[in-house]
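A short write-up of the structure that comes next.
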Amino acid sequence: MYYETSKNDHGLPFNPFKAIVVPRPIGWISTLDKDGKPNLAPYSFFNGIGDTPPIVMFSSNNFKDSAANVEATGEFVCNMASYDLKDQMNISSAPLPHGESEFERAGLEMAPSKLVKAPRVAAAYTALECKHLQTVRMKDLDGKDTESWVVFGQVVAVHIDDSVLVDGKIDITKVRPLSRLGYKDYAVVDEVFQMDRPNA
């Protein structure tokens, strides 16, 4: 089949785009607002975009609390959303009123960060403390503003639970990170394989 996105004439019951760009890692973003109230929300448009220095991004559809809080405070934490925290991650996606704590709603304990004021999810296997670099409001092909706001942050500190370290490496099968697929679907990493890069 074939369709043009501007026409959205795929004829399917649901838009297939987000089922094609998969799997997507989940950025479970914790922030503080300007008054020091915590916020926690998962973003499936998330990824690392460089390692020297380490930089991550998440994209918010509309200028939601996470993006606004990063803009106001200059900081955020990206927590690992793993299979054993899937229910809490899902609960934290609810559109709560501004100032109401997703940590509390999801029954999650907060842990202090070291270099940023935003708290991290205490039970998360890994957490990336980030300082805000820039936020970009994306434009479409016609130069019109979209409602996609991309937040870039430099990772300044990393937390790793010792229980997932094996022979000096993170054993991702112990972490079992969640990934977002299309529709209401998720996947979990339970198995990995290795390949050597060719020399030429």
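The values are calculated or read from the model by the stated rules, or taken from the named source; none is laboratory data. Bear in mind that the values here come from a model prediction, so they are computed numbers and not experimental data. All Cβ positions, even for glycine, are placed from backbone atoms using ideal geometry, and neighbour counts span all protein chains on display. Just so you know, the surface numbers come from the protein's heavy atoms only, side chains and all, with ligands and any DNA or RNA stripped out. Shrake-Rupley method; radii C 1.70, N 1.55, O 1.52, S 1.80 Å.
Odds and ends about this structure:
- Segment 20-152, relative contact order in percent, only Cα pairs under 8 angstrom and at least six apart counted: 28 percent
- Around the amide H of L178, modelled in the peptide plane, lie the amide H atoms of A81, S82, Y83, all under 5 Å away and 5 or more residues distant in sequence or on another chain.
- Computed [θ] at 222 nm, helices only, for the chain once each DSSP H run of length n ≥ 4 contributes -39500 (n - 2.57): -3000 deg cm²/dmol
- Cβ-based net charge around I91, under 11 Å, with every Lys or Arg adding one and every Asp or Glu removing one: -1
- Mean-position separation - Cα centroids, segment 178-200 and segment 93-119, in angstrom: 28 Å
- Cα shape, segment 126-175, gyration tensor, a/c 1.5 rule: prolate
- Protection proxy ranking, highest mean first, for peptides 170-178, 62-70: 62-70, 170-178, where packing is the per-residue count of other beta-carbon atoms within 10 Å, averaged.
- Label-zone membership for segment 100-140, site I172, 7 angstrom Cα→C-beta point, backbone N under 16 Å: 125-127
- FRET efficiency, F17 to N62 (Cβ-Cβ, R0 25 Å, nearest 0.05): 0.90
- Segment 73-200 shape via C-alpha gyration tensor axes, a/c threshold 1.5: rounded
- Per residue solvent-accessible surface (Å²) - the chain, probe of 1.4 Å: 62 Å²
- Simple spin-label estimate for F193 and L133 in nanometres, 7 Å along Cα-Cβ: 3.3 nm
- Sequence-ordered 3J(HN,Hα) estimates for segment 185-200 from the Karplus curve with 6.51, -1.76 and 1.60 and θ = phi - 60° stand at 8, 10, 9, 10, 8, 10, 9, 10, 9, 10, 9, 7, 6, x, 7, 8 Hz, glycine and proline given as x.
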